[in-house]
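Everything below concerns the one structure shown next.
The values are calculated or read from the model by the stated rules, or taken from the named source; none is laboratory data. Nothing here was measured: the structure is a model prediction, and the numbers come from that model. Cβ coordinates were reconstructed from backbone atoms using ideal geometry, including for glycine residues, and neighbour counts include every protein chain displayed. Each accessible area value is taken on the protein alone, full model and side chains, heavy atoms only, with ligands, DNA and RNA left out. Shrake-Rupley method; radii C 1.70, N 1.55, O 1.52, S 1.80 Å.
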Amino acid sequence: MKVETQEQEITVSRAHSSRLRTLLRITNMLLATARVVPPYYVGQFRYRSEADRVRLLYRGTQDWLTAMGRAAGIRSVTVEGAPPEKGSFIAPNHITYADICALSTATRMWYVSKADVLNWPLFNRLFRFSRNLTVDRDNIRCLSATNESIARRIQEGYNVCVFLEGTTGGGDVILPFRGPLLQPALDGGVDIVPVCIKWRADDPAIDVTQDIAYWRGTPMGPHVMRFLGFNGVHATVRFGTPIKAEGDRKVLAETVRDAVVAMHEEMS
């Protein structure tokens, strides 16, 4: 890749991504989906109540995302710290779409994603079916409904993961945490579990900020194709000490972020 400036032209080397490997992994992901999803889709019809279906799909979400992570070539996920107790509010940093595969390998949880996922081909159908949650942070009515859904899931004993940065970063810096989606934890007095995710690769040419992190408005399609062509990609998921949800939510958001930042620095 060439970056041109007024004074000079600089050539920036990029890590090699194999097109053949990408093709094989797309095939493996489709096969994994065909193997994991249908039993859960059919299984839901055994239950009359929505609560029983949600309980079934809670397991299905973890099984599918774990299988997708393996099929996509994530070589290992190292889990550090004590997994959260049931009914916890999970607050990790956010680097890439593959974070949810790493987190699901570590423990079960529901995910709160931006409403944009409902516009992604194929994935939107799987997301609706899975009963995971979406939020439009710019829509007050939608934000309130999402908070109610988060509170309900936590009260039912499920873990709920919320990416409080609101977007992805480069992996080198933790962005500010936003407070509005902390309201269900404050209302319920539940623990917030800070989580730090870090990515690395065996190939020193693979740069996490350039090649793994999904940010800076990069088109998703080309980024996914490139990511799938890498080999030797690893993730570490560290669970921190639970933080009691109390006080002002803006201050609470800063406290949770500080805990994630501290883990990030320890893991560097």
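With a requirement of 3 or more residues that are open to solvent by less than 20 Å² (accessible area, probe 1.4 Å), the helices (runs of 4 or more DSSP H) lying completely within the range 38-133 that satisfy it span 50-71, 99-106. Taken over the range 40-68, residues that are touching a residue at least 12 places away in the same chain (Cβ under 8 Å) and not aliphatic (A, V, I, L, M) amount to 13. If you go through the range 200-217 and keep only what is open to solvent by 40 Å² or more (accessible area, probe 1.4 Å) and over 19 Å from Asn93 (Cα atoms), you end up with Asp202, Asp203, Pro204, Ala205.
Among the residues of the range 135-155, some residue qualifies, meaning at least one is more than 21 Å from Asp191 (Cβ to Cβ), assigned to a loop (DSSP other than H, G, I, E, B) and of a type in the set (Lys, Arg). Being open to solvent by less than 20 Å² (accessible area, probe 1.4 Å), over 13 Å from Ile95 (Cα atoms) and of a type outside the set (Phe, Trp, Tyr) is not true of Val237.
Number of residues in the range 222-251 that are within 17 Å of the chain's Cα centre (by Cα) and β-branched (Val, Ile, Thr) equals 4. When Val36 is tested against (1) of a type in the set (A, V, I, L, M, F, W, C); (2) in contact with an Asp or Glu (Cβ under 9 Å, 6 or more places away or on another chain); (3) within 25 Å of Asp172 (Cα to Cα), just one condition goes unmet, and that condition is (3). Answer yes or no: is there a residue in the range 249-263 that is modelled with pLDDT under 95, surrounded by fewer than 14 Cβ atoms within 10 Å (Cβ to Cβ) and either of a type in the set (Lys, Arg) or within 24 Å of Leu143 (Cβ to Cβ) (or both). Checked the range 249-263: no residue is modelled with pLDDT under 95, surrounded by fewer than 14 Cβ atoms within 10 Å (Cβ to Cβ) and either of a type in the set (Lys, Arg) or within 24 Å of Leu143 (Cβ to Cβ) (or both). Given the criteria at pLDDT 95 or above, in contact with a His (Cβ under 8 Å, 6 or more places away or on another chain) and among the aliphatic types (A, V, I, L, M), does Ala151 qualify? Spelling it out, it is not the case that Ala151 is at pLDDT 95 or above, in contact with a His (Cβ under 8 Å, 6 or more places away or on another chain) and among the aliphatic types (A, V, I, L, M).
Just one of Asp99, Asp52 is farther than 15 Å from Tyr158 by Cα, modelled with pLDDT of 95 or more and acidic (Asp, Glu); which is it?
So the residue among Asp99, Asp52 that is farther than 15 Å from Tyr158 by Cα, modelled with pLDDT of 95 or more and acidic (Asp, Glu) is Asp99.
Take the range 157-199 and flag every residue that is of a type in the set (Val, Ile, Thr) and either open to solvent by 30 Å² or more (accessible area, probe 1.4 Å) or more than 15 Å from the chain's Cα centre (by Cα) (or both).
Thr167, Val173, Val190, Ile192
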